[in-house]
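Step one of this worksheet: look at the structure below.
The values are calculated or read from the model by the stated rules, or taken from the named source; none is laboratory data. Small disclaimer: the values here were computed from a predicted structure and weren't measured. Heads up, the Cβs are rebuilt from the backbone with ideal geometry, glycines too, and the neighbour counts pull from every protein chain shown. Side chains are part of the model used for accessible areas, which takes the heavy atoms of the whole protein and leaves out ligands, DNA and RNA. Shrake-Rupley method; radii C 1.70, N 1.55, O 1.52, S 1.80 Å.
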Amino acid sequence: MTNYRSKSTLALAALIALPVLSWAGSVEKATAAEPAAKPSITGNLSLNVDSHFVSFGSDVWGPNSQILFHPSIELTKAITSDFKLILGTWWDVNDRATSSIGNRIQEVDVWFGGAYTTGILTTTALYQQWMYAGTNEQAAELKFAVDTFLKPSLLIHQRLGTGAYGADTVAVLGVAYDFKAGPVSFSVPASVSYESGGYHQGKDATGAPVIGKSGVGFGSLGLSASVPTDFVSKDSTFSVGVTGYATQKSVIPGNAKQNFLNLTAGISIPF
């Protein structure tokens, strides 16, 4: 009899405990932490210094011993996993000339547009305004970049026919070889341009204006190295680099020297 009662008591306790344990387990699963969602708006702040201001092969300020400060910031908003909107600005800061903007700010560029990625191909379209020396140069850009070996890309920069500027075109074909050695990341970029006549202008020895012809404008080859700077912020990097330019005088007549080096250093801070 005692044994029978003991078995009955255990069975009753099991029947009571079973739904309680089952409910407790379901609560634990329901309250398990989920991975944090990525923010839909991200950005990158770059603080760079350069020995030259190079615009499509044009050595804007010419040979000088002054460091040029070039800060920029770009924001992106993810619309879908494949499509994002882009908004950015870049500044040229130095005292090489009296600024028409204020203080030492010689130029302010702004751009907005979007990028769409399908497979290994990313297509980016931007509208740009370059404000400098009391003028406003406007352009549209289309870039195709392939995420594969050597990262080939094609950039088409179409200047709009506004104000004193004609509707001129520059196309730049680029590649880059990236590799790592320990914590240091290296990149070896190269590019070559082809442009329509009239995109670049200059002056001859008498000071008379010279219009650039169509053809290959410049070729460039560079080397850069970057290291993580997590003590500044997560994923930030410090980089140094050098890029050599060989330009065609008949196409880019404004350069004081057809061949020159641009030295650069800066920090990139994503957020």
- Message: Residues to consider are SER239, SER233, SER226, SER220; find the one that is under 23 Å from SER46 (Cβ atoms) and in a loop (DSSP other than H, G, I, E, B).
- Response: SER233
- Query: Within the stretch 57-86, restricting attention to residues that are among the hydrophobic types (A, V, I, L, M, F, W, C) and touching an Asp or Glu at 6+ places or on another chain (Cβ under 7 Å), which residue is least open to solvent (accessible area, probe 1.4 Å)?
  - Reply: LEU68
- Residue under evaluation PHE179, criteria (1) more than 29 Å from TRP61 (Cα to Cα); (2) crowded, with 17+ Cβ neighbours inside 10 Å, criterion not met: (2)
- Query: Filtering the stretch 252-271 down to residues that are part of a loop (DSSP other than H, G, I, E, B) and free of Cβ contacts under 8 Å to residues at least 60 places away in the same chain, which residue is most open to solvent (accessible area, probe 1.4 Å)?
  - Reply: GLN258
- Message: Looking at the structure I just gave you, is SER51 of a type in the set (Gly, Ala, Ser), touching a strand residue (DSSP E or B) at 6+ places or on another chain (Cβ under 8 Å) and at pLDDT 95 or above?
- Response: yes
- Does the stretch 138-151 contain at least one residue that is at pLDDT 95 or above, within 19 Å of GLY198 (Cβ to Cβ) and touching an Asp or Glu at 6+ places or on another chain (Cβ under 8 Å)? no
- Message: I need every pair where a residue in the stretch 99-118 that is under 16 Å from LEU75 (Cβ atoms) has its Cβ under 7 Å from the Cβ of a residue that is among the charged types (D, E, K, R), sequence separation at least 6 or different chains.
- Response: GLY114/LYS84; ALA115/LYS84
- Pairs under 7 Å by beta carbon, first residue under 30 Å from ALA256 (Cα atoms) in the stretch 60-87, partner among the aliphatic types (A, V, I, L, M) and open to solvent by 60 Å² or more (accessible area, probe 1.4 Å), six or more apart or different chains? GLY62/ALA256; PRO63/ALA256; PRO71/LEU47
- If a residue has to be more than 18 Å from the chain's Cα centre (by Cα) and either open to solvent by less than 30 Å² (accessible area, probe 1.4 Å) or free of Cβ contacts under 8 Å to residues at least 12 places away in the same chain (or both) to count, how many in the stretch 221-232 make the cut? 3
- Task: Name the single residue, out of those in the stretch 141-161 being over 30 Å from PHE186 (Cβ atoms) and open to solvent by 40 Å² or more (accessible area, probe 1.4 Å), that is nearest to the chain's Cα centre (by Cα).
- Result: GLN158
- Note on the structure: Checked GLY197, GLY215, GLY207 against criteria (on the phi > 0 side of the Ramachandran plot, open to solvent by less than 50 Å² (accessible area, probe 1.4 Å) and touching a strand residue (DSSP E or B) at 6+ places or on another chain (Cβ under 8 Å)); the one match is GLY215
- Members of the stretch 114-151 that are touching a Ser or Thr at 6+ places or on another chain (Cβ under 7 Å) and of a type in the set (S, T, N, Q): GLN138
- Could you give every pair whose Cβ atoms fall below 8 Å, whose first residue belongs to the stretch 128-142 and is on the phi < 0 side of the Ramachandran plot and of a type in the set (S, T, N, Q), and whose second residue is open to solvent by 60 Å² or more (accessible area, probe 1.4 Å) and part of a loop (DSSP other than H, G, I, E, B), counting only separations of at least 6 or pairs across chains? THR135/GLY163; THR135/ALA164; ASN136/GLY163
